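Step one of this worksheet: look at the structure below.
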Amino acid sequence: MIELLKSFENLLWGLPLIIGIIGTGIYISLKTKAIQFRKLPYALKNTLGKILEKPNKENKGDISPFGALATALAATVGTGNIVGVSLAIILGGPGAIFWMWLAALLGMATKFSEVTLALAFREKKNGQYVGGPMYYIEKGLNNKKLAKTFAIFAGIAVFGIGDSTQANAIANVLHDSFGINTIISGFILSILAGIVIVGGINSITKVTEKLVPLMSFLYIVGCLWILILNKANILPAFKSIFVGAFNPKSLGGSFAGLSVKAIISAGVARGVFTNEAGLGSSPMAHACASTDHPVRQGLWGISEVFVDTIIICTMTALVILSTNVDITDTNNAASLVARAFATGSSIGNLIVSLGLSLFAFSTILGWAYYGETTLRYLFGEKIIIPYRIFYVIFVFLGANMDLGLVWIVANILNGLMALPNLYALINLSPIVVKLSKDFFKNPKKIRKSPSEYNFLLKND
């Protein structure tokens, strides 16, 4: 059964999803006239550049735009930014990073569309805004069965990709680095997660608004320190990325036998795992944002992928490649990163351990809300309390069990989530185009009511 599931996982994350994710990114980029490039300076200036600004009180929403970004980044900036990048290099060589970048650049348009649609079709239930792929699939495509299909895949995947596997990563790194018993770390993790999760999106946001900037800053500073110590190797590292993307034979060693297809697969799959563009997960957090127009929050989606992959993942890749650690002698992605950091600093292991722990814990919090949103859509409010209890229990269980099978099933469900979402993004792209044109006619205009753009939501 495990071998069968592995085969299906490899098939799903091979050509089907590569074509689906890259193809959707290209299609949306063409439809929006490459909005992720044309409006990137504007997006960064009006999102990350305005983090400290208080949101307009007249805007509709439950949390601030940055709070929504922080919650989404909490889920996306996870172990994939450290272990995922390392694994991409192990499987596809340095050239895999090029394809990770390409997937991210196209993914910025995909994430922009996801977030914009999530805001456009969100609903208010029991005094709280909810949204995401299941809502824009049901309301935009008038396809409730497909919406429920997405929600089922996502609702199950949550317990694997966002819960138990993240807790397992934390418990293992704390045990290997500091000798902490996994039962103790699992218990503490479950308590901390429960304290935050019980308060719902507002409680999660209060934590992620502080945790995400702190952990990202500390990790980037650690990476910069290693890069300064190895500054002479930075340009050769970039060269190996660009050369290896198209000519693996030039790198020699075990990479010489790789096909370009295998390199692309490694880069794209790990890239999607870390920034989640196309999966349909982070739009659920963005849907709660206090904003006057869907596109204004959509710009935060562009910044989300930029920070996650173009900045943080690139830092990890350069640390590994510039320190000249042997990337062919291990299948352990975490140990490869640890050895890279250790080459230039006595606290290298601490940087990796702390980074992995904070990133993984933030993912537990972010995905907790995604599961809550999808299961609420399927079963209503009555499911929330039982779900939160089970989610916290799975944090403890995940920290103390072998998750080989769980990882495989979670990756499969992750891929299956993407299929209905990508289908919806392609078919609803005309609405994204109309909303974008409406917003950029006068981006400074504050819309008093959604009725000012609701007329654009009809899918011609």
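With surrounded by 20 or more Cβ atoms within 10 Å (Cβ to Cβ), over 30 Å from THR149 (Cα atoms) and in contact with a helix residue (DSSP H, G or I) (Cβ under 9 Å, 6 or more places away or on another chain) as the only criterion, which of ILE310, ILE320, ILE302 stands out?
So the residue among ILE310, ILE320, ILE302 that is surrounded by 20 or more Cβ atoms within 10 Å (Cβ to Cβ), over 30 Å from THR149 (Cα atoms) and in contact with a helix residue (DSSP H, G or I) (Cβ under 9 Å, 6 or more places away or on another chain) is ILE320.
Counting just the residues of region 177-190 that are part of a helix (DSSP H, G or I) and without any contact (Cβ under 8 Å) to a residue 40 or more places away in the chain, which one comes out surrounded by the most Cβ atoms within 10 Å (Cβ to Cβ)?
Among those residues, the one meeting the criterion is ILE188.
Mind checking which residues of region 1-14 are in contact (Cβ under 8 Å) with a residue 12 or more places away in the chain and among the hydrophobic types (A, V, I, L, M, F, W, C)?
Selection gives ILE2, LEU5, PHE8, LEU12, TRP13.
Restricting attention to region 5-50, which residues are open to solvent by less than 30 Å² (accessible area, probe 1.4 Å), touching a Ser or Thr at 6+ places or on another chain (Cβ under 8 Å) and in a helix (DSSP H, G or I)?
Result: ILE18, ILE21, THR24, GLY25, ILE28, ILE35, GLN36, ALA43.
Look at region 369-402 and say how many of its residues are under 17 Å from LEU189 (Cα atoms) and either in contact (Cβ under 8 Å) with a residue 24 or more places away in the chain or among the charged types (D, E, K, R) (or both).
Total satisfying the criteria: 14.
Just to check your reading of the model, which residue among ALA118, ALA193 is open to solvent by less than 40 Å² (accessible area, probe 1.4 Å), in a helix (DSSP H, G or I) and more than 18 Å from THR363 (Cα to Cα)?
Going through ALA118, ALA193 in turn, the sole match is ALA118.
Quick one: is ALA70 at pLDDT below 80 and part of a helix (DSSP H, G or I)?
Yes: the conditions hold for ALA70.
When you go through ARG339, ARG270, ARG296 one by one, which is the residue that is surrounded by fewer than 24 Cβ atoms within 10 Å (Cβ to Cβ), modelled with pLDDT under 85 and of a type outside the set (A, V, I, L, M)?
So the residue among ARG339, ARG270, ARG296 that is surrounded by fewer than 24 Cβ atoms within 10 Å (Cβ to Cβ), modelled with pLDDT under 85 and of a type outside the set (A, V, I, L, M) is ARG339.
Does ASN331 count as open to solvent by 30 Å² or more (accessible area, probe 1.4 Å), modelled with pLDDT under 90 and in a loop (DSSP other than H, G, I, E, B)?
The answer is yes for ASN331.
Hey, can you tell me all the residues within region 374-413 that are modelled with pLDDT under 90, in a helix (DSSP H, G or I) and among the polar types (S, T, N, Q)?
Answer for region 374-413, where residues must be modelled with pLDDT under 90, in a helix (DSSP H, G or I) and among the polar types (S, T, N, Q): just ASN411.
Find all pairs meeting these conditions: Cβ atoms under 7 angstrom apart; at least six residues apart or on different chains; first residue within region 160-176 and open to solvent by 10 Å² or more (accessible area, probe 1.4 Å); second residue hydrophobic (A, V, I, L, M, F, W, C).
Cβ pairs passing all conditions: ASN168/ALA399; ASN168/LEU403; ALA169/LEU356; ALA169/ALA360; VAL173/ALA334; VAL173/LEU356; LEU174/ILE180.
Might you let me know whether region 413-429 holds any residue that is closer than 20 Å to SER282 by Cβ and touching a Lys or Arg at 6+ places or on another chain (Cβ under 8 Å)?
Yes, region 413-429 contains at least one residue that is closer than 20 Å to SER282 by Cβ and touching a Lys or Arg at 6+ places or on another chain (Cβ under 8 Å).
The values are calculated or read from the model by the stated rules, or taken from the named source; none is laboratory data. All values reported here derive from a predicted model rather than from experimental measurement. As a convention, Cβ positions derive from the backbone with ideal geometry for all residues, glycine included, and neighbour counts pool all protein chains shown. Accessible surface areas use protein heavy atoms only, side chains included; no ligands, DNA or RNA. Shrake-Rupley method; radii C 1.70, N 1.55, O 1.52, S 1.80 Å.
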